[in-house]
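Worksheet for the structure shown next.
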Amino acid sequence: MNTNVEVREFDSNPLDAAEALSFVDAAGNGAGSLFVGVVRNLNQGRKVRAVSYDVFAPLAEQGFAEICSEARQKWGDDLRFYVAHAKGRLQVGDISIVLAAGSPHRAEAFAACRYLIEEIKTRSPIWKQEHYMDGDSDWVKGHALCGHD
Amino acid sequence: MIVKVQMFGAFRVLGDQIEVKIKEGGSVSDLRDSMLQYAQNADLSELLRVSKFANQSSVLGEGAICSSGEVLAILPPVSGG
């Protein structure tokens with residue numbers, strides 16, 4: 001198996017960057033590219049203390065696999081991918097997403113890893129609710145999805 | 001007929017799932033119209049307008065036909081990562 005995609009309940013099993021790099025490693029690979037998304041403490045001037053991630057898991061995981069397949073078509077059948085997105089309430093500093101791309105060469109690993117995160121951010125059914133230091137909460141405005149008849 | 005709709009994102013304020021009555025053989029567009037009363041009550045009319053509906057495997061277009069008892073999901077604009 002050359003691809004791992006999953007939505008993970010953060011409370012029971014936090015994301016792990018080392019696990020991602022280990023998965024995409026292979027004897028023929030000279031490069032592993034890693035992206036780690038982390039909850040930050042400020043967004044648009046408001047102090048953030050936590051973020052809740054809501055995920056439609058079956059469609060999200062299917063979409064992750066499709067995006068990996070697209071990346072493999074662009075940069076090579078021999079690439080290995082790891083995609084994991086957290087679900088639930090995360091504190092500042094917690095990891096929300098881990099992506100890794102393993103490839104024989106660095107150019108393909110970098111390009112594919114960048115492609116994965118950019119596509120996931122605009123296409124995956126995932127929603128972010130920010131919880132602010134002043135006690136207020138708000139859903140982050142996002143990208144509208146495309147549908148097909 | 002009744003279509004069940006799972007709530008996500010800002011629509012969670014309506015609950016985890018709601019049941020919406022639409023005409024027999026109605027489409028996603030009909031479902032959207034029928035959901036308007038729920039959305040108006042929660043000040044979500046504009047969000048409903050820009051949201052999509054999906055089944056377990058794909059995002060549906062406006063003309064897609066709904067089935068009685070089917071469970072769909074409403075997907076507001078996304079913000080993951």
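The values are calculated or read from the model by the stated rules, or taken from the named source; none is laboratory data. Because the structure is predicted, anything quoted here is derived from the model rather than measured. Here the Cβ positions follow ideal geometry from the backbone for every residue, glycine too, while neighbour counts run over all protein chains shown. Ligands, DNA and RNA are excluded from the accessible area calculation, which covers all protein heavy atoms including side chains. Shrake-Rupley method; radii C 1.70, N 1.55, O 1.52, S 1.80 Å.
Label separation (residue B:43 vs residue A:69): 4.2 nm, computed from points 7 Å beyond Cα along the C-beta direction.
If you fit an axis through the alpha-carbon atoms of helix A:57-75 and take the longest principal axis of the Cα set of chain A, what angle between them do you get, 0 to 90°, nearest 10? So the helix axis and the longest Cα principal axis differ by about 40 degrees. Equivalent-ellipsoid semi-axes for chain B (Cα gyration tensor, √(5λ), whole Å, largest first): 18, 14, 11. Which of rounded, prolate, oblate describes the range A:1-104, given a ≥ b ≥ c as roots of the alpha-carbon gyration tensor eigenvalues and a/c under 1.5 marking rounded, otherwise prolate only if a/b is larger than b/c? Prolate, since a/c reaches 1.5 and a/b exceeds b/c.
Close amide H partners of residue A:49, meaning residues 5 or more places away or on another chain with modelled amide H under 5 Å apart, are A:131, A:132, A:133. Taking a sphere under 10 Å around the Cβ of residue B:2 and counting the other residues whose Cβ falls inside, with K and R at +1 and D and E at -1, yields a net charge of 0. Largest GNM mean-square fluctuation among A:32, A:102, A:76, using chain A with Cα springs under 10 Å: A:76. All distinct Cα pairs of the range A:18-78 go into the 1/r average, and the inverse of that average, the Kirkwood radius, is 15.0 Å. Over chain A, accessible surface divided per residue gives 50 Å², non-protein components excluded, 1.4 Å probe. Only alpha carbons enter this Debye calculation for the range A:68-149, each as an equal point scatterer, and the log10 of I(q)/I(0) it gives at q = 0.13, 0.25 Å⁻¹ is -0.55, -1.20. Contact order for chain A, expressed relative to its length and based on alpha carbon pairs under 8 Å spaced 6+ residues apart, stands at 35 percent. With contacts taken as Cα pairs under 8 Å and at least 6 residues apart, the range A:1-87 reaches a relative contact order of 57 percent. In whole Å, what is the distance between the alpha-carbon centres of the range A:55-78 and the range A:89-149? The two parts, judged by their Cα centres, are 14 Å apart. Over chain B, what is the relative contact order in whole percent, taking alpha-carbon pairs under 8 Å and six or more residues apart? 40 percent. Could you calculate the FRET efficiency of residue B:12 with residue A:16 from 1/(1 + (r/R0)^6), where r is the beta carbon distance between them and R0 is 25 Å, rounded to 0.05? So the FRET efficiency works out to roughly 0.35. Normalised by residue count, the protein assembly as shown yields a Cα convex hull volume of 127 Å³ per residue.
With the simple model of a label 7 Å out from the Cα in the direction of the Cβ, residue B:23 to residue B:2 spans 2.2 nm.
Counted residue by residue at 0.36 nm each, then reduced by the alpha carbon distance between them, the extension gain from residue A:105 to residue A:134 reaches 5.7 nm.
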